Every structure is written in C-alpha cells, then in structure tokens.
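Data block below; observations after.
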Amino acid sequence: MGYFLYPLGAMLLWAGNVIVSKLSATAIAPSAITFYRLVLALAVMTPFVIRPLARNWVHIRPQLAKLGFLGFLSMSFYQSLSYLAAHSTTATNMAIVTALAPLLTLLWSVVLLREPPTLGMLVGGLLSLAGLVYLIGQGHPSQLLDGGVHLGDVLMLIASASYGLYSVLLRRWHVAVPPAQSTYVQAWAALVTMIPMLVLVPAGQAQLNTATMPLVLYAGLGASILLPILWIQGIRHLGPNRCSMFINVLPVMTAAIAVVLLGERLHTFHLIGGGVALAGVFVAQRWQRPLPGFGTAPEAA
C-alpha cells in the first residue's frame, strides 16, 4: 500500500508546479524561469552524475542527438509553453489539459509505433474532446464560436502533445542510458536551447529576487529532481499502467491548491467538463479492443 505514495507524491509536486507556473506569470518571463530551473537542477545533479557519466561516455555519445531532442521536448518546449500558458488560463484548466497527456501518448503510439488503434482510443478521444470543449467554453460550448478559444488552453494542449511525443520516443528509441545520466544530458540539451531565448528577454523580466527565487527553487528542485524520482519509483513498484491512473488526480489536487492559494473559483463546468475529459482518458487506456480491420490490440501503454 505504501508504494502508492510515490505516484501520489509525484502528482502533488506536479500540482505545485502548475501553481508555480501561474504565480510566475506576473513575476518572471517563461524562458527565464525555465533557464534558471535547469541551471539549478544541473548544479545539484552534477556532483552525483558527472563521474558515472564520464565512465559511460562511450555508450552515451552515440545517443546524444536523441537525448538532445528528448530534452528539448520535455524540459525546454513543454516547460516554456506551460509557463506561457499561465498568462491566459487558470491553474485548474492547465491541470485538466495536462491530464490528457496519456490519451495523446496513445495517439502518438498509433502514428509512430504503428500500434493498432483501439475502440477505447476512439470513444475515449471523443469523450475527452467533448469534455475539453465544454470546459473551455465554460459550460457553453457555443461561446467558442463567438469568443474563440483561450490561448493558454491551446498552448497547454500543445505542451501536453509534446510530452506525449516525448513518452513515445522514449519507447521507440530505447536509449540504453541509466535514468539519472539520461536526465542529466537531456537537461544540458534543454539548457542550451534556452540560451538564445533568454537573450531575447528584457532585463526587467529575467531578474532573480525575493519574489522569483522561491519559484525557481521549487521548479528546479521539487519539480525537476524530486518529482521524476518519485515517479520512477512508482513505475518500478506499481508498473506504468497503474501509475498512469494517478494522473487523473492531478486536476483535483491542483484545483484544491488553486482555490486556497490563488483564490480561483471552482465552477460546475470544471467538474463536468474535466470529469468527462478524464473519463475519456480512462476509457482510452482501459478499453483495448482493436478497431475492426486494424489487427490485435497493443500492449497497455
């Protein structure tokens, strides 16, 4: 029973990171906090990883291009978009859209891994789409035709799709590098891609001060180091299928924290739209019967 604390702890840290993203929207530029969190994470990891990495360099070097792209997707592109999305959507919406990542991962698996689509993907995808439209339309989907979609929700959907692509490429490429060394190399690659973005940030939006330092500390230590450790431990003891179900509690945790710390209001459309969207994710993951004419069902993602 105690093993469930690993993914639960990871989701709690992830919810905190969504809150940090929202708090950072008015305090520091997205590319700046992404850059600083990477610098902090690398500074903490270097004493523990650098020697094993040097000994294993002959095996790592051929994988640098793949690790570099993975680092860009998960630590640079995804994080920057999530911070940018916080400018124009709520923390609760961000968490709900983020929780669609498992469904998007399944869709990427069909495209890149040639896994046959299932009835669960079809039904779950339609459910999640309906829930998302209801959520973004704040209970009145027809409003989307008049007022359009919030930019922040679109950015979070793109960010979640990039994380789904990251997950699928991890499976497709089978990079045979220890997790800590893989994360370390990916973080360096992400840091390099963030340098030109940081140069473009006005000086006043990239400063470290009493308001931004706690945000960077949480993002660099809690979200970048402790969260992956807990998640990996959860997968090790419970398996990826059971752990993926815990992503469904991310919106609940985030909404609870957002109500207390950010003063966000929880509306009926959050409960209905978010609930339907997450139900779609659950159906997609659990209903593995293949669509007619597409062969056997894939292994559970």
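Some points to look at:
- Taken as entire DSSP H runs, the helices of the chain that both span 20 Å or more between Cα atoms along their own long axis and average 1.6 or more on the Kyte-Doolittle scale are 119-136.
- Whole-number accessible area per residue in Å² for the range 2-286, which is evaluated in the context of all protein chains at 1.4 Å: 46
- Based on every Cα atom in the range 41-97, Rg and the maximum pairwise Cα distance Dmax equal 16.3, 46 Å.
- Globularity index of the range 57-135, i.e. its alpha-carbon radius of gyration over 2.2 N^0.38 Å: 1.41
- With both labels modelled 7 Å from their Cα along Cα-to-Cβ, the Thr210 to Ile272 distance reads 4.6 nm.
- Amide H to amide H distances under 5 Å link Thr118 with Leu291, where only residues 5 or more positions off or on other chains count and H is placed in the peptide plane.
- Accessible surface of the chain [probe 1.4 Å, protein heavy atoms]: carbon and sulfur percent: 70
- Over the chain, the alpha carbon radius of gyration divided by the compact-protein estimate 2.2 N^0.38 Å works out to 1.00.
- What the pair-distance distribution of the range 1-134 shows, using all Cα-Cα distances binned every 5 Å from zero, is 2, 8, 12, 15, 17, 17, 16, 9, 4, 1, 0 percent.
- Shape class for the range 188-246: prolate, because the ratio a/c of the largest to smallest gyration tensor axis (alpha-carbon atoms, square roots of eigenvalues) is 1.5 or more and a/b beats b/c.
- Positive minus negative residues near Leu81 (Lys, Arg vs Asp, Glu; Cβ under 15 Å): +1
- Rg(Cα)/(2.2 N^0.38 Å) for the range 164-300, N = residue count: 1.38
- Start at zero, step by 10 Å, and the Cα-Cα distances of the range 12-77 spread as 17, 38, 30, 14, 1 percent across the bins.
The values are calculated or read from the model by the stated rules, or taken from the named source; none is laboratory data. Worth saying up front: this structure is predicted, and the values here are computed from it rather than measured. No Cβ is skipped: glycine too gets one built from the backbone with ideal geometry, and neighbour counts run over all protein chains shown. SASA here: full protein model, heavy atoms, side chains in, ligands and nucleic acids out. Shrake-Rupley method; radii C 1.70, N 1.55, O 1.52, S 1.80 Å.
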